[in-house]
Amino acid sequence: MNIKVVLEYDGTGFAGWQRQSGRRTVEGELRRALRELAGRDVEVVAAGRTDAGAHALGQVVNFRLDRLRADRVVGALNALLPEDVSALSAEVVEEAFHARYSARWRRYRYRYLDRRARPALDRNRCSWLVGELDVAAMGSAARALVGKHDWTSFCSATEPAGRRTREMRSAEVRRSGEYVELELVAEGFLRGLVRGIAGALGEVGLGRRPPGWVGELLKAQDRAAAAKTAPARGLTLVEVIYE
């Protein structure tokens with residue numbers, strides 16, 4: 001059976017999603033749990049690879065099992081997964097379903113805290129900036145990001161040149177209580193892209209750069225001209241959207 005599972009996790013204690021020798025990763029913990037269930041190694045496909053310290057509310061994976069009914073997968077996995085990873089749902093899907101390649105859009109949220117006092121309870125779930133953020137200016141700057149662009153100015157330099165074009169469906173900034181939230185929906189996200197954008201919009205919000213600067217950066221296609229990358233702790237993969 002091809003099984004689709006939705007996961008949430010707190011990325012604080014992980015070196016990212018992707019399995020790495022000698023390091024604790026979300027994929028590594030999931031594969032360990034599946035090995036116990038299936039009695040063999042189980043290949044896992046994920047919709048996206050989150051950074052070290054980044055979180056997920058709706059990471060989607062698929063894998064194949066032949067020894068366990070789908071309606072028992074959630075309970076069985078959660079009995080074996082560590083407390084900072086949870087399986088939320090499981091279902092049997094068609095053989096052609098692929099968590100990564102079948103996805104149409106991905107939604108990420110970046111959360112800033114701009115109060116004077118540093119966070120204690122949420123210290124691993126937001127980026128703390130001293131100084132009130134200008135949400136309207138950030139929203140104005142973010143509008144330049146919508147559309148199909150080459151994201152060289154914002155993504156990691158390790159991404160292959162010539163393969164850095166993606167379509168951004170929406171880019172919105174809003175205040176939610178004490179927090180300011182940046183929400184991005186795109187067909188795919190290059191390594192470091194959301195954090196690169198979040199760093200630039202933070203500069204605009206603090207008044208260090210005008211809103212038009214973000215659009216200029218986008219056109220420049222020069223990572224060296226961009227702002228410092230925002231920390232991973234403010235980043236969450238919210239949802240993967242399939243058609």
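Odds and ends about this structure:
- Selection over the stretch 225-239 of residues that are over 20 Å from Phe189 (Cβ atoms) and surrounded by 15 or more Cβ atoms within 10 Å (Cβ to Cβ) gives a count of 0.
- Residues of the stretch 154-175 satisfying the condition of being at pLDDT 95 or above and of a type in the set (Ser, Thr, Tyr): Thr165, Ser170
- Considering only residues in the stretch 75-129 that are more than 22 Å from the chain's Cα centre (by Cα) and in a loop (DSSP other than H, G, I, E, B), the one that is surrounded by the fewest Cβ atoms within 10 Å (Cβ to Cβ) turns out to be Ala120.
- Exactly one residue out of Glu172, Glu187, Glu181 is under 17 Å from the mean Cα position of the chain (by Cα), within 16 Å of Tyr108 (Cα to Cα) and crowded, with 18+ Cβ neighbours inside 10 Å, and it is Glu181.
- Of all residues in the stretch 1-20, those satisfying the criterion of being within 21 Å of Arg125 (Cβ to Cβ) and assigned to a loop (DSSP other than H, G, I, E, B) are Asp10, Phe14, Ala15, Gly16, Trp17.
- Residues of the stretch 131-155 that turn out to be free of Cβ contacts under 8 Å to residues at least 60 places away in the same chain and touching a Gly at 6+ places or on another chain (Cβ under 9 Å), as a count: 2
- Pairs, first exposed (fewer than 13 other Cβ atoms within 10 Å of the Cβ) in the stretch 195-224, second outside any helix (DSSP H, G or I) and not acidic (Asp, Glu), C-beta under 6 Å, six or more apart: Asp222/Ser153
- Test set (1) farther than 24 Å from Ala200 by Cα; (2) in contact with a His (Cβ under 9 Å, 6 or more places away or on another chain) - Asn124 fails condition number: (1)
- Restricting Gly58, Gly53 to residues that are under 15 Å from Thr236 (Cα atoms) and in a loop (DSSP other than H, G, I, E, B) narrows the list to Gly53.
- Complete set of residues in the stretch 205-216 that are among the hydrophobic types (A, V, I, L, M, F, W, C) and under 20 Å from Val185 (Cβ atoms): Val214
- All positions within the stretch 21-41 that are farther than 18 Å from Gly75 by Cα and assigned to a loop (DSSP other than H, G, I, E, B): Ser21, Gly22, Arg24, Thr25, Arg40, Asp41
- The set of residues from the stretch 57-71 being at pLDDT 90 or above and either of a type in the set (S, T, N, Q) or under 12 Å from Asn2 (Cα atoms) (or both) comprises Gln59, Val61, Asn62, Phe63, Arg64, Leu65.
- Counted residues, the stretch 128-156 - those being farther than 15 Å from Arg166 by Cα and aromatic (Phe, Trp, Tyr): 1
The values are calculated or read from the model by the stated rules, or taken from the named source; none is laboratory data. This one's a predicted model, so the numbers in the text were calculated from it and none came from an experiment. All Cβ positions, even for glycine, are placed from backbone atoms using ideal geometry, and neighbour counts span all protein chains on display.
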